[in-house]
Structures are given as C-alpha cells and as structure tokens.
Amino acid sequence: PLLNVISDLYEEGIKAKLTIGITPILAEQLNDEYLKDGFVKYLDSRINAVAEDLKRYPNNSVAHSQHLKYLADYYYEWYNNIKNCFLNKYNKDLIAAFRKYQDLDCIEITTSGATHGFSPLLATDSSLNAQFKIGSDTTKRLFGRKARGAWLPECAYRPGYEAVDANGNKYWRPAIEVILQNNSIEYFFTESHVIEGGVSVGNRRVIGVYGNIEYIPLPPRPATGLSTYEAYWLPDAQVAVMGRNDRAGYQVWSAADGYPGDGCYREFHKKDDNSGMNYWRITSPSTDLGDKMLYDPVLAMSRVNENSDHYTTLLYNLLNDYKKATNKNGLVMVSFDTELFGHWWFEGLEFIKSVIRKLHNFMPEVERMTAAEYLDKYPPTSAISIPESSWGQGGHFWVWQNHQTEWMWPIIHAAEKRIQNIVSKYPSIPKDKVLHRALNQLARENLLLQSSDWPFLITTWQARDYATERFRKHQENFERLASM
C-alpha cells in the first residue's frame with residue numbers, strides 16, 4: 001500500500017519526497033522467495049475468508065447484514081487489488097520497486113543496524129560496528145546505493161563515556177555517531193525531548209503497542225533553549241541529528257488527540273468471528289467492542305480529507321510562525337513507525353497521499369525534501385550534545401533493560417566478547433571452507449542474539465514465549481558453534 005501511494009503520486013507528476021527507513025533485516029525478508037510465496041498464500045487466505053462472508057450476507061437473522069455485505073465486497077476488492085499489484089505491478093519484487101522510486105528521486109532509503117541491536121547497551125565497539133557495517137552493506141547491495149542516513153534501532157542513543165575493563169583499566173568508548181561516521185552514515189533522527197527538553201514522547205498515550213505497558217517515567221528534562229526547527233552536528237563526529245517536531249508528530253500518532261483516534265476510522269481490535277475482517281469503526285474511544293458501529297469507508301475518506309486539510313494548514317503555520325520569529329527557514333521533521341499507516345491506522349496511507357498532494361498543489365512555498373536533500377541545502381550551523389535516550393516508554397532504556405529482561409544482557413555481552421576472542425585468531429579468511437562457513441554463521445547468531453525485538457516483546461507481553469525461545473535458540477546455536 002505504501003508503494004502504491006508513492007506510485008500514484010508519481011503518476012500525477014508529484015514526487016513523494018518521503019524518507020523511508022527499511023531496516024536491513026526487513027529488506028532481506030522482502031527479498032526472500034519463501035516469504036514472497038507466503039505473502040501470496042496469506043492474501044489468498046484473506047480473499048477466501050471474505051468470499052465466505054459474501055455467502056453469509058445478506059442474512060435476515062443478522063442486523064445490518066446488507067451493510068456487512070457491502071463491507072465484505074469492499075475488502076474482497078481491496079485484497080484482490082493488493083494481490084494484483086504485488087504480482088503484476090511489482091512482479092513480487094518490492095525491493096526493486098522501492099529502488100525504482102529511489103532512483104526517480106521520489107524517496108530516500110535509510111539503513112539501520114543489521115538486526116536492530118539496541119546500540120547503547122552493546123558491550124563492544126566491534127559489535128556496534130558490525131551492526132552498522134553489515135546494515136549499511138546490505139542496504140547498498142539491495143538498493144544499489146549507500147544509505148546516507150540511518151534510523152538508530154529503537155531511536156536509542158548514548159554519548160561517549162569512560163569504561164573499565166575486566167582488569168580495572170580505563171578506556172574510552174566512543175559515542176554512537178563515531179561508529180556511524182566510520183560507516184559513511186551522515187545523519188540520524190531523535191525525539192523532540194532529546195533536543196528541546198521536556199516530557200518524553202513515551203510518557204503519553206500512543207497508537208500501537210506502547211499503549212498498555214507499565215513503565216518508569218522520568219521527570220521532564222530541563223528546557224535547553226534549542227528547537228527541532230533545525231538540524232545539528234554531533235560533537236564527536238561529522239554526523240547530523242534531526243529531532244521530531246513535537247506538535248506535528250503528536251497530531252498524527254497520539255491515540256487521545258491525534259487523527260487516528262477519530263470515531264469514523266476503522267477499529268483495529270474488533271474482528272469478525274469467522275473471517276477476522278475489521279467491519280467496525282472506532283465509534284468513540286470509550287465505546288465497548290460489542291457496541292461499535294459498522295465501518296463506512298466513504299465517511300472515513302471524508303474524514304481523511306478534513307484531517308489532511310487541518311494538517312497541511314498546521315505545517316504551514318508552524319513554518320510561517322518560525323520564519324516570522326527568526327527570519328530563518330525552519331525544518332519540520334516528523335518520523336513514525338511505518339506500521340502506524342495501514343496497520344494501526346487503516347486510512348493512514350490515504351492521509352499521507354492527501355497531505356503530499358495538497359502541499360504540492362496548494363502550498364508550493366513549503367519545501368518537501370528528503371532528509372539528505374535538506375542537509376545538502378541547509379547544513380547545520382551549530383553542534384549539540386544529546387543525552388542517553390530512546391523512543392521507548394519514558395524516553396530511556398527501560399523497555400529493553402528492566403527486571404524482566406536483565407537476564408538477557410550478560411548472555412549478549414558474553415557472546416560479544418567470546419566472538420571477539422575467536423575471530424582475533426583469524427586475521428585473514430581461513431582457507432578451510434567449513435571453518436569459514438562456521439565463523440560466518442557464528443557472526444550471524446551473534447547479531448541475531450542482539451536483536452532488540454526479543455527484550456521488547458518480553459516487556460510488552462506481545463509474544464513473550466516466542467521471544468524467549470528465539471533468544472535461547474540463537475544463544476544455543478552461538479555457543480555450539482563457538483565450542484566447535
């Protein structure tokens with residue numbers, strides 16, 4: 001669906017100018033033949049489920065069954081269109097499609113850590129370097145050019161600090177930006193509170209998985225006097241940081257006050273007992289699932305039109321007010337989990353399309369740029385030191401390092417040090433092909449063990465058993481290979 005938005009706009013003569021972070025592990029999955037075939041099977045299962053609903057409705061014993069038939073028709077068409085696009089428009093090759101629109105200057109693709117390891121909590125610089133080197137190399141291999149920017153896994157950052165080794169010797173661990181610069185990464189993004197101070201984004205109710213977990217809130221950071229209306233250099237390397245605009249971001253992702261919580265939009269949590277289709281709308285945040293009203297796609301699209309009008313006006317006013325106050329062109333950078341659009345907020349992609357179209361057609365004075373284009377035209381003029389931070393609940397590391405996950409980190413750190421000792425014995429690639437293969441697999445298992453998804457899923461109770469099992473399996477594989 002996101003590709004279709006970019007494609008539709010391009011056919012209208014509009015370059016989307018979106019900066020899209022495709023993590024290396026997601027890119028590998030999208031490029032995998034088994035998963036491509038699995039996606040077609042998934043779509044077929046959805047289409048077949050809706051087809052069964054079409055046989056059930058209209059049904060005199062079911063209230064509003066005529067409207068349910070209309071909705072089943074709507075989904076039948078929707079899923080068939082997705083399948084048709086995947087097979088015939090993109091030839092099952094989403095990587096090639098993203099690359100095409102990258103090469104047409106419609107989008108910029110950024111990279112990330114290879115397996116989304118939580119950078120600040122890794123024990124060795126060689127692990128950190130491996131995450132970003134392999135991540136960067138993967139992006140270049142699949143998309144044909146080196147990524148200039150990166151999404152830090154979980155938006156997690158730490159400055160440089162003095163550490164102590166096992167023998168009591170002090171040594172300096174460089175800031176995250178030094179590792180990025182060593183891998184030709186020129187910029188990354190952070191949260192608004194990291195730049196400006198104040199309450200972290202994770203201390204408010206949001207759309208998605210963060211909505212219901214307990215966390216330890218931090219007190220607001222003191223105001224810094226800085227703003228997210230410009231980018232900054234980091235102190236330890238020639239790497240830039242851009243902060244999310246709080247007002248423009250909050251308007252989109254807030255469950256309480258943002259657009260996705262509107263009662264006309266599709267309800268994510270209520271599904272048909274037979275087909276699993278979402279036939280209901282939010283109605284209101286306080287409405288019980290059993291009392292939700294049926295979804296109306298026409299009404300929802302009408303609301304998209306209103307919300308995109310409001311948002312484009314908001315963006316214009318934010319930039320205009322900043323220019324009046326400072327006599328400078330300001331930056332409004334907003335970053336979101338891509339799964340907000342289409343997944344949690346079904347109509348979100350139509351919202352993106354409508355916003356871009358309106359800015360292009362009616363507000364040409366608002367420059368739409370990818371992140372690298374912005375930095376090329378408006379390079380930072382000052383530097384900033386930023387604190388330890390993430391976009392998790394509370395704005396710190398708690399989601400990944402807490403009483404439920406603390407057992408995982410000594411295992412990760414032991415593996416980091418063990419692989420470092422093993423590979424130091426092989427200054428060049430060994431001629432023994434089996435040995436070389438085992439070393440490569442050892443490195444893979446080490447990276448997979450570091451994935452921030454495992455502690456995240458344990459903390460959020462989304463898939464606790466699965467995450468524990470995966471973590472233990474990678475630990476077991478790693479230790480077996482290391483012993484061999």
- Note on the structure: For the chain, dividing by residue count, accessible area per residue (probe 1.4 Å) in Å² works out to 48
- Item | Candidate lysines for bridging to LYS417, where Cα separation is under 26 Å - those fewer than 8 sequence places away on the same chain excluded | LYS133, LYS170, LYS425, LYS431, LYS433, LYS473
- Message: What lysines does LYS41 reach when the alpha-carbon gap must be under 23 Å and sequence neighbours fewer than 8 apart in one chain are set aside?
- Response: LYS55, LYS83, LYS89, LYS92, LYS271
- Query: Restricting the count to DSSP beta bridges whose residues both fall in the chain, what percent are antiparallel, rounded to a multiple of 5?
  - Reply: 50
- Message: Apply the a/c threshold of 1.5 to the C-alpha gyration tensor of the range 374-442 and tell me whether it is rounded, prolate or oblate.
- Response: oblate
- Size of electric dipole in the range 297-378: Cβ of Lys, Arg +1 and of Asp, Glu -1, about Cα centre, debye, nearest 20: 300
- Message: Among 112-119, 310-317, how do they line up by average Cβ neighbours within 10 Å per residue, starting with the highest?
- Response: 112-119, 310-317
- At 20 Å minimum axial length over the Cα atoms and a Kyte-Doolittle cut of -0.5, report the qualifying DSSP H helices in the chain, or say none. 348-362, 408-423, 433-449
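Work through the residues other than PRO120 whose Cβ is under 13 Å from its Cβ and net out their charges, Lys, Arg +1 and Asp, Glu -1.
Surrounding charge for PRO120 is -2.
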- Please name whichever of PHE397, TRP407, PRO430 sits farthest to the positive end of the charge dipole of the range 395-442, dipole taken about the Cα centre and charges placed at Cβ: Lys and Arg +1, Asp and Glu -1. PRO430
- With +1 on the Cβ of every Lys and Arg and -1 on the Cβ of every Asp and Glu, the dipole magnitude of the range 224-326 about its Cα centre, in debye rounded to the nearest 20, is 180
- Query: Just going by the charge dipole of the range 23-107, with Lys and Arg at +1 and Asp and Glu at -1 on Cβ, which of LEU43, VAL62, CYS85 is farthest out on the positive end?
  - Reply: VAL62
- Once you list every other residue whose beta carbon is under 15 Å from the beta carbon of THR313, what net charge do they have if Lys and Arg are +1 and Asp and Glu are -1? -1
- Message: Helix-only estimate, please: 222 nm mean residue ellipticity of the chain, summing -39500 (n - 2.57) across DSSP H runs of length 4 or more and dividing by its residues, to the nearest 500.
- Response: -15000 deg cm²/dmol
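Ranked highest first by the average count of other Cβ atoms within 10 Å around their residues, in what order do 247-259, 175-187 fall?
175-187, 247-259
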- Item | Accessible surface of the chain, 1.4 Å probe, proportion on carbon and sulfur as whole % | 52
- Query: Under a Cβ-Cβ cut-off of 12 Å, what is the net charge of the residues other than GLU162 that fall near it, where Lys and Arg count +1 and Asp and Glu count -1?
  - Reply: +1
- Query: In debye to the nearest 20, how big a dipole does the chain give about its Cα centre with +1 on each Lys and Arg Cβ and -1 on each Asp and Glu Cβ?
  - Reply: 920
- Message: On a straight-distance basis, which aspartates and glutamates could pair with LYS324 in a cross-link, Cα separation under 16 angstrom, same-chain partners fewer than 8 positions away excluded?
- Response: GLU230, GLU365
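The values are calculated or read from the model by the stated rules, or taken from the named source; none is laboratory data. Please read these numbers as outputs of a predicted model, since none were measured by experiment. So basically every Cβ, Gly included, is an ideal-geometry build from the backbone, and we count neighbours across all protein chains shown. In case anyone asks, the SASA skips ligands and DNA or RNA and just uses the protein heavy atoms, side chains included. Shrake-Rupley method; radii C 1.70, N 1.55, O 1.52, S 1.80 Å.
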